[in-house]
Amino acid sequence: MKKTPTVLRLACFLLTFALIACGGASTPANGAPAGEQIVIEVAHMFADGDPNTIACEEGKKYIEEKSNGRITFTIYPNGIYGEQMNSIQAVRMGILDVFISGFGSDIYPPAGAIQGPYLFRDYDHWRRFKKSDICRELLGILEEAGNFKAVGVGHFGFRSVLAVSPVTTPEEFRGFKMRVVNSAPYPEAAVVLGATPTPIPITDVYLSLQSRVVEGTENPLSQIVAMKFYEVAKNLVMTEHMIATQFWIASNNFYDSLSAEDRELFVETFDFIANRIEELVEEREAANIRFMEEQGVTVYRPDKQPFIDRLPEVLGRYPDWQDIYARVAEL
């Protein structure tokens, strides 16, 4: 199945957005009946060498092999398709087929708890959540509210702080300008640590650290290595304050246009991708730390309890999270 070129599709996206604002119709379906060639446009924000990028490329091969070459991906890595919120909106409007997202509180506020600080104890705790009724309930609500299909639920590691100078206590974090993702609930990472949240796009983090616009950033280790942030900040503080959780969102227009057989393979492929990301992240964690130490980075393992003790301040700002925190703790 041939598709409209991306530049033209983006122009159509802007036109469609204007039409919807004025009460216009929605975008037509973007898939193909069983038996036709299908090219799935997949976008994400991750750099070369990142587990997300590697697993996505492996997923492309997986679906090609399973479909005997009938289904393939066109992949737009490293944010080249567009900024995160615009890409999510493109999926919701049927312009882009698939993008990676987190449990966004902008769609359903209580779901932001899944990316809240110190919710998960370890990766096994996360996997219990992933298989739980709580996860299924939240995904169902997000799908309905967000106008997308959720597939491939996974994590890409605990987030920790890379800093230009050592910071290991809430007192030392006071006044510390820390780069955070520019969407809720990521700024709460700064709140629980005692830092000052400074939203900056991921593509600008390297220069922001290099020029000292910010004093640190909080990211998964794999992302710190893939984007070479360790070159411009030499202190890794293993706060492990949250697990980077995510799932892939698919356009309803695209998903609904697939045959039942192709839908099954589509979901299977993104489950493969999500599980592969988790495998790569966990396998590489110790190696990533050793690599950064070889590059001159000093690793600090602070006492986490003083940060955990600040959690009530975060939950006080998000009362909708409290029930989910309690239910996840029971897992």
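The values are calculated or read from the model by the stated rules, or taken from the named source; none is laboratory data. No experiment lies behind these values; they were computed from the predicted model shown. Here the Cβ positions follow ideal geometry from the backbone for every residue, glycine too, while neighbour counts run over all protein chains shown.
Overview of results
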quantity: Residue list for the range 201-223, filter: touching a residue at least 60 places away in the same chain (Cβ under 8 Å) and either part of a loop (DSSP other than H, G, I, E, B) or over 21 Å from residue 117 (Cα atoms) (or both); calculated: 201, 203
quantity: Within the range 224-234, tally of residues that are of a type in the set (A, V, I, L, M, F, W, C) and not in a helix (DSSP H, G or I); calculated: 3
quantity: Flag if residue 237 is surrounded by fewer than 16 Cβ atoms within 10 Å (Cβ to Cβ) and either modelled with pLDDT of 95 or more or not in a helix (DSSP H, G or I) (or both); calculated: no
quantity: Selection within the range 95-112 - within 18 Å of residue 136 (Cα to Cα), buried (at least 24 other Cβ atoms within 10 Å of the Cβ) and touching a Phe, Trp or Tyr at 6+ places or on another chain (Cβ under 7 Å); calculated: 100, 111
quantity: Hey, residue 139 touching a residue at least 60 places away in the same chain (Cβ under 8 Å) and part of a helix (DSSP H, G or I) or not; calculated: yes
quantity: Residue count, the range 209-229 (criterion: more than 27 Å from residue 126 (Cα to Cα), buried (at least 20 other Cβ atoms within 10 Å of the Cβ) and out of contact with any Gly (no Cβ under 8 Å at 6 or more places or on another chain)); calculated: 2
quantity: Given (1) buried (at least 17 other Cβ atoms within 10 Å of the Cβ); (2) within 18 Å of residue 250 (Cα to Cα); (3) at pLDDT 95 or above, number of the condition residue 74 does not satisfy; calculated: (1)
quantity: Test: residue in the range 300-307 that is loosely packed, with under 12 Cβ neighbours inside 10 Å, part of a helix (DSSP H, G or I) and at pLDDT below 95; calculated: no
quantity: Residue 128 out of contact with any helix residue (DSSP H, G or I) (no Cβ under 8 Å at 6 or more places or on another chain) and either modelled with pLDDT of 95 or more or part of a loop (DSSP other than H, G, I, E, B) (or both); calculated: yes
quantity: Meets criteria (of a type in the set (S, T, N, Q), in a strand (DSSP E or B), surrounded by 24 or more Cβ atoms within 10 Å (Cβ to Cβ) and touching a strand residue (DSSP E or B) at 6+ places or on another chain (Cβ under 6 Å)) for residue 245; calculated: no
